[in-house]
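A short worksheet on the structure shown next.
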Amino acid sequence: MAGMDDVVQAIIDRVTEAAARHDATKEDRLERWRVLEPDAGRFVWFIAQTVGARNIVEVGTSRGVSTMWLADAARATGGRVISYDTDPDAQRDAAAVLAEAGLADHVELRLQDGGTGLAALGDGEVDLLFLDAERTEYPSWWPHPVRVLRTGGVLVADNALSHPDEIAPLRDLLVRDLTAVTTIPVGKGELVALRR
């Protein structure tokens, strides 16, 4: 497995720095860009390649930082990313950076609620599901986050340590329905579950 593409890494770094400047001026978290931290990005990039993920689904495009991490991994595995978000401005910005990074052919951006998007996917068709949206909504999407995963597929949910109370209902469902669930202390904490 090769390292991250230098061009992609430079764009990720630039958008991450711009997000930090932008978010510092916003008190309301819903007005923040909330991009994925670099160590968490590298973690999902590595996981995607480790499981040979060809069908990757992301809920929460934001400004495309996590999408670039996933798309670079998908390029290495011969895969593709579907990324759901309800913010048209965020998806427009993500489309621009994905094109600049040469990753647009590996991503399909869908302006749609993540729960609705997951409900429309087939059983077992997802290799890696990355959740980074409104955490309190995840339980209402049940059973789709698990149903769409193939055997050996992995679910990763961001903010497991920064917002443990909001992630707890998802964790409880995953512990009930999957056999391997853990939290990795990178970024704001990644809840990771394996479907066996």
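One table, with the values for the structure above:
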| read-out | value |
| --- | --- |
| Unit Cα scatterers, Debye sum, the chain: log10 I(q)/I(0) for q = 0.12, 0.15, 0.18 Å⁻¹ | -0.52, -0.84, -1.26 |
| Surrounding net charge for ARG80, when Lys and Arg each add one and Asp and Glu each subtract one, Cβ distance under 13 Å | -3 |
| Sparse-neighbourhood loop sites, GluC sites (Glu not before Pro) in region 9-104 - DSSP loop, at most 13 other Cβ within 10 angstrom | GLU27 |
| Calculated FRET value between ARG196 and ALA168, using beta carbons and R₀ = 25 Å, to 0.05 | 0.65 |
| Mean Cβ neighbour count within 10 Å, used as a protection proxy, ranking 188-196, 64-72, 114-122 highest first | 64-72, 188-196, 114-122 |
| Carbon plus sulfur fraction of accessible area for region 1-119, probe 1.4 Å, in percent | 51 percent |
| Per residue convex hull volume, Cα atoms of region 56-105, in Å³ | 56 Å³ |
| Histogram of C-alpha separations across region 117-196, 5 Å bin width, % | 3, 18, 29, 27, 17, 5, 0 |
| The chain: antiparallel DSSP beta bridges as a percent of all, rounded to 5 | 35 percent |
| Bins of 5 Å from zero: percent of alpha-carbon pairs in region 156-196 | 6, 30, 34, 20, 9, 1 |
| For region 1-145: accessible area per residue (Å², 1.4 Å) | 44 Å² |
| Highest-first arrangement of 163-169, 36-42, where packing means the average Cβ count within 10 Å | 36-42, 163-169 |
| Rounded to 5, percent antiparallel among DSSP beta bridges of region 80-192 | 40 percent |
| Interchain or long-range residues, amide H under 5 Å from ASN55's placed H | ARG80, ASP127, LEU128 |
| Evaluated at q = 0.13, 0.14 Å⁻¹: base-10 log I(q)/I(0), Debye formula over Cα of region 11-109 | -0.40, -0.47 |
| Over 19 Å [Cα-Cα, region 73-169], rounded percent | 48 percent |
| Local electrostatic count, GLY187, Cβ distance below 13 Å [Lys/Arg +1, Asp/Glu -1] | -2 |
| Coordinate range along principal axes, alpha carbons of region 23-76, Å, largest first | 39, 19, 13 |
| Over the chain: helical MRE at 222 nm, DSSP H runs n ≥ 4 each giving -39500 (n - 2.57), nearest 500 | -13000 deg cm²/dmol |
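The values are calculated or read from the model by the stated rules, or taken from the named source; none is laboratory data. The model shown is predicted, which means the values in this text are computed figures rather than measured ones. For neighbour counting, all protein chains shown are included, and Cβ atoms are generated from backbone atoms with ideal geometry for every residue, glycine included. The protein model used for the area step is the full one, side chains on, heavy atoms only, and it has no ligands, DNA or RNA in it. Shrake-Rupley method; radii C 1.70, N 1.55, O 1.52, S 1.80 Å.
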